[in-house]
Each structure stands twice: as C-alpha cells, then as structure tokens.
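Here is the structure we will look at, set down as structure tokens.
The values are calculated or read from the model by the stated rules, or taken from the named source; none is laboratory data. This one's a predicted model, so the numbers in the text were calculated from it and none came from an experiment. Here the Cβ positions follow ideal geometry from the backbone for every residue, glycine too, while neighbour counts run over all protein chains shown.
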C-alpha cells in the first residue's frame with residue numbers, strides 16, 4: 001500500500017498522533033468529569049440556598065418585588081410547582097445525572113434537575129421551600145459549560161499542523177536516502193558521482209560517509225587498474241626487449257648471461273608485486289595472531305638467508321588479525337629498507353604499544369631517506385623517486401601494497417625521516 005519510506009513514516013506518524021489524540025481526549029473527559037460535576041452542583045446548590053434564604057427571610061408583602069428583582073438582575077425565575085404537572089421524560093446525560101445526584105445529597109431527595117420544561121429551554125431546579133415545591137429557572141448561558149468535543153476540535157487542529165510539520169521533516173529526513181539511491185545508479189552506470197553531503201542525523205551521516213568512502217575506493221580501484229595495465233606494458237616489456245636483443249647477439253658471453261639472469265629476476269620481482277597489488281586479501285578471515293611471534297619468525301627467515309634484522313618487540317597478547325596480509329606488508333617494508341638502506345647498517349624491526357588501544361610496527365633503515373614532501377606521493381602505485389628508478393629497480397608498488405593492507409586493518413602508514421639519517425616506515429593499527 002505504502003511503497004516509499006516517506007509514505008510509510010508519514011502514515012505511522014499520523015496513526016500514532018491520531019491514537020494519541022483520541023487517548024488524550026478520553027483521559028481528559030474522564031479525569032475532568034468529577035471536578036466539573038462537583039463544581040456545577042455546588043454552584044446550583046448555592047443559587048438554590050441563596051434564593052430560598054432570601055425568599056424565607058423577606059416579608060410576604062415584599063416577596064413579589066423580590067422575585068421581580070431576581071428575574072431582572074440575575075435572570076432567576078421562581079414559581080410554584082403544581083402537583084401532577086407534566087415533566088420532560090427525556091433522560092439526562094451522564095454528566096447531568098451525576099449533577100442531580102449531587103444536588104439531591106445537598107438539597108434533599110425531592111430535588112429534580114431538568115434542561116427543558118413545558119417547552120422552555122433553561123436550567124430548571126425543583127426544590128422544596130417551607131413545605132412546597134418550587135421551580136427555579138436559570139438561563140443556560142449563565143452556566144454554560146465547555147464540552148470535551150471543543151477540546152478535541154482544537155486537538156485535531158493542532159495534530160493537523162503537527163502532521164504537516166512532520167511530513168516536511170520526514171521528507172527532509174529521507175532526502176539523503178534518495179540522493180544515495182541516485183548516486184548508486186550513477187556508479188552502476190560506470191560514472192563516479194560527486195561526494196554526498198555528510199550532514200543530518202548521525203545514522204544518515206554514517207551511511208553517507210561510508211558511501212563516499214566506497215565511491216572513492218571504487219574510483220581509486222579503477223585508476224589503479226589502469227595504472228597496473230600501463231605498468232605491465234612498460235615495466236615488463238623493457239627487460240623482455242633486452243633479453244630478446246641478448247639472445248640475438250650471442251649466448252657465449254658470460255657477462256651477458258649474468259645480465260640476462262638479473263633481468264629475469266627483476267621480471268620475477270615485478271610480476272610478484274603486480275600479483276600482490278592485485279590481491280585484495282579481503283577474503284582472509286581475521287584470526288587470533290601472535291604478533292611478536294610472527295615478526296620474530298620473519299626476522300629468522302631473513303637470518304637464514306644471511307640478512308641480519310635487529311628486533312625490538314614488545315609483548316602483546318594474541319590479536320584478531322589477517323596474518324597473511326600483515327606478513328606481506330612487513331616483508332615489503334623490510335625489502336624496501338634492505339634495497340635502500342645498504343649492507344653496512346642492519347634494518348631494525350620494532351613493535352611498540354604507545355597507547356592501550358593501539359600498537360605500532362616500525363621498520364627503520366639508514367638509507368638516504370625521502371623528502372617529507374614526497375611521503376604521500378610515494379604511497380601511490382608506481383610512484384618512485386628519480387634516483388630509485390635507475391638504482392634500485394622495482395615497479396613502485398611496494399608501499400601501495402603495504403598501505404592497502406594496513407587500511408584493511410583500520411590502520412595507517414607513515415613515512416618519517418630519522419634524526420641521524422634514514423627512514424622509519426611506521427604502521428599504526430588499532431588494538432581490537
């Protein structure tokens with residue numbers, strides 16, 4: 001029936017407000033009936049007692065003038081009730097029936113209350129005075145009472161105004177969802193829409209922020225894919241061309257064969273980096289991981305190859321991590337440090353816990369370092385310093401691979417210069 005969120009929310013608000021108004025009207029009518037009954041009965045009792053007292057206390061010759069004065073000044077008429085005179089058979093409503101019961105308690109059981117008598121509409125009160133029954137006729141307008149229906153009318157008007165305001169509010173509330181739906185259609189069509197406004201309620205702000213992050217990730221993935229294809233075309237074809245030329249010249253030259261072997265190793269490293277970069281590790285499940293043990297094992301693997309890695313590892317309990325991805329990231333950082341740091345200064349692998357809710361992994365070297373202004377650029381795919389292009393080789397994917405893995409863990413990668421020269425690659429991660 002109601003297919004849109006706007007219509008459903010508006011219907012639920014309208015239904016809730018209608019039920020609330022009806023409940024309020026019922027409670028109001030029930031709670032104010034008793035006080036209004038007592039007040040009206042007390043008012044009529046006072047009028048009856050004052051009229052009876054004035055009539056009894058006056059001289060018989062002055063009673064006619066007194067009755068005329070009451071009628072002229074207060075609209076109160078008093079006349080004798082005749083025996084057997086017809087009276088209205090219309091039953092009193094529940095409110096007036098309670099008033100009559102209260103009057104009978106105050107004025108006697110012979111008291112009667114009518115709202116119409118012998119075709120005249122007024123408040124008729126029959127009371128005994130000195131043995132005879134009298135009718136006291138009071139004008140209705142002097143004792144007009146407000147009905148609950150009047151309050152219900154005002155309540156319905158207020159509810160209508162509130163519903164209009166609620167409709168405008170709900171429309172504004174659901175607008176970000178419509179914007180997200182439109183942006184999702186654009187992404188499905190292959191476009192990259194501008195970021196959504198991250199404003200409004202906290203939940204919608206979180207949805208918009210997550211959508212913007214997804215949109216940015218998709219855009220970056222598309223750019224990375226384009227760069228990977230360009231890198232394959234450039235970085236792999238160059239050593240292949242050298243191999244082809246070498247084969248055409250001669251295979252007897254030992255130096256040439258060594259160069260060709262180096263080219264093959266470079267191709268293998270480059271292909272490995274391409275595969276690591278293309279691998280997202282998104283399907284790897286987080287498991288309880290002994291992080292100090294994992295880092296110590298990596299250092300031991302390098303030691304078996306004759307490469308010394310100094311370790312300074314703080315104690316940590318097992319943490320839910322993706323060990324394969326994290327291992328790949330640390331290996332890339334260590335390989336970068338070995339490639340740029342030289343053989344005279346060992347690489348340092350450090351595990352710190354500066355805050356209770358985070359841990360830090362640092363890979364330190366004593367190489368030439370990088371300019372601080374280049375730190376962010378070098379974390380992009382295929383970004384390299386000019387000196388690294390000719391001296392160290394590689395495809396420029398190592399730091400991009402590391403940052404992608406670190407981001408999947410909710411962390412960050414920082415490239416910081418060391419005071420005495422060199423570089424500190426700092427991986428900062430939240431502690432689950």
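Here are the numbers:
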| read-out | value |
| --- | --- |
| Matching residues, the range 308-329, being part of a helix (DSSP H, G or I) and either surrounded by fewer than 20 Cβ atoms within 10 Å (Cβ to Cβ) or without any contact (Cβ under 8 Å) to a residue 60 or more places away in the chain (or both) | 323, 324, 327, 328 |
| Flag if residue 121 is in a strand (DSSP E or B) and either under 60 Å from the mean Cα position of the chain (by Cα) or modelled with pLDDT of 80 or more (or both) | yes |
| All positions within the range 162-197 that are outside any helix (DSSP H, G or I) and more than 19 Å from the chain's Cα centre (by Cα) | 189, 190, 191, 192, 193, 194 |
| Scope the range 330-354; condition touching a residue at least 24 places away in the same chain (Cβ under 8 Å), surrounded by fewer than 18 Cβ atoms within 10 Å (Cβ to Cβ) and assigned to a strand (DSSP E or B); matching residues | 350, 352, 353 |
